Each structure stands twice: as C-alpha cells, then as structure tokens.
Amino acid sequence: MNPKGNNLQNRLETMLPLDGGILLHCCCAACSTSCLEYLAPRVNDLTLYYCNPNIDTQTEYDLRFRELERFDKEAGYGYPLIAEKYEPSKFYDAVKGLENTGEGGERCIKCFGLRLGMSCRRAAEEGKKYVLTTLSVSPHKNAALLYEIGCTEAEKYGVTFLPSDFKKGGGFLRGSQLCETYNIYRQNYCGCVFSKVERNSK
C-alpha cells in the first residue's frame, strides 16, 4: 500500500490506458498543466474534478477554477470539468485542533484525506472506476503518502485510486514552462489560510 514514490509514476505508465473512466482531482491550474499533457495521449476517458474546500477565500477558489477552465480550453483538451460548491466549513471541521501543526504535518494529511475522499465518492457517483490527483506534481507533496491515503478512501466507495508521482521525469519543471506559455496564475501557498500565514512569515 505504501510503495516508494519513485516507482509510482512507472506503475501508472504500465497501467495506462484503462477502461472505465478516470476522475482527475485538480488542485489548481498550475499543477494540472503537465499532468494533463502527460495524460492526454494515454487516457481515453478523463473528467476533471475541482474540489478544494481548503482554499481560504471564495475569490481565490473562483480564480483557481477559472484558470483551470481556461487552460483546459486553450490547450485544446476540452475535458468535462466538474466543480464542487465552495464549502470551507468541510475543511475547518476536518482539521479542527490541528490548525497550528505546520505545513506538511497532520493538518495536511487530514486535508488530503478530505479532498481525496470527496474525489473517490464523486467518481463512484459519476460511474468512473479510477481516481487520480494532480497533487503529486508538487515537490512539496509526498506521492507515496498521497497514494496510501487515496487507496484508503477509494476502498470506501468501490473505486480504484491510481499510483502517480507527476513530478517525476521533469513534470514540475514542465508545468512551470506551461504556466509561462499560457500565462497561468501561480499561487505562492497551497490554499489554506494556515499555509498562507506560514508562507508570509518566512
């Protein structure tokens, strides 16, 4: 359940393409760029899912969604895109008591579980067999941990969480290049108010 992160992307490569449809949890446009470029020639049935109740304001939530929507269109993909209603109370309930644990700690683990759990549930509702997340493209995210959490959540809803480590093979760098090409907004914090405060204090 917890393989080495540097093997996850290779595992995904050997599994694709897959029948049954994939729901891709997208945390933001910037992280989605190179992930979509990688998946486009390898996946036949892909739906994008924007679900991030951790984001600190409605304005930021809407901005990240619009950028994802714009990139999907301007890059010529045109994938179906589902956006959840902005409900930050779900995030604050999930991390209650962990507000000051620091980025990368238990608060983030709870946040990952929340978002990946919602993604797995939505995949089941949409009739998709598989779930992926763009979170693993970030150099600040532990892909093996994300996979472990995703698998746990997927079991609850009868779907399969796919292994990935999109940062491998230059994925993060390529994403940065695509952001420049398409003038994509790149936020300097993960999304929650706690990470913003931590980032601004450095």
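The values are calculated or read from the model by the stated rules, or taken from the named source; none is laboratory data. Bear in mind that the values here come from a model prediction, so they are computed numbers and not experimental data. Note: ideal-geometry Cβ built from the backbone for every residue, glycine included; neighbour counts use all protein chains shown. Side chains are part of the model used for accessible areas, which takes the heavy atoms of the whole protein and leaves out ligands, DNA and RNA. Shrake-Rupley method; radii C 1.70, N 1.55, O 1.52, S 1.80 Å.
Quick notes on this structure:
- Checklist (1) more than 22 Å from LEU16 (Cα to Cα); (2) under 17 Å from the mean Cα position of the chain (by Cα); (3) not in a helix (DSSP H, G or I) applied to LYS128, failing item: (1)
- The range 116-148, residues that are over 18 Å from LEU46 (Cα atoms) and either among the basic types (Lys, Arg) or open to solvent by 20 Å² or more (accessible area, probe 1.4 Å) (or both): PRO139, HIS140, LYS141, ASN142, LEU145, TYR147, GLU148
- As a summary of the residue check, THR101 satisfies the conditions (1) touching a residue at least 24 places away in the same chain (Cβ under 8 Å); (2) among the hydroxyl-bearing types (Ser, Thr, Tyr); (3) within 23 Å of ASN142 (Cα to Cα); (4) part of a loop (DSSP other than H, G, I, E, B) except for the one numbered (1).
- Some residue of the range 21-39 being touching a His at 6+ places or on another chain (Cβ under 6 Å), assigned to a strand (DSSP E or B) and under 22 Å from GLY175 (Cβ atoms): no
- Residue match in the range 49-60 (condition: within 15 Å of the chain's Cα centre (by Cα), surrounded by 20 or more Cβ atoms within 10 Å (Cβ to Cβ) and in a helix (DSSP H, G or I)): no
- Residue in the range 168-179 that is under 27 Å from GLU87 (Cβ atoms), open to solvent by 40 Å² or more (accessible area, probe 1.4 Å), touching a residue at least 60 places away in the same chain (Cβ under 8 Å) and assigned to a helix (DSSP H, G or I) present: no
- Screening GLU74 on (1) out of contact with any helix residue (DSSP H, G or I) (no Cβ under 7 Å at 6 or more places or on another chain); (2) open to solvent by 20 Å² or more (accessible area, probe 1.4 Å); (3) of a type in the set (D, E, K, R) shows it passes everything except condition (1).
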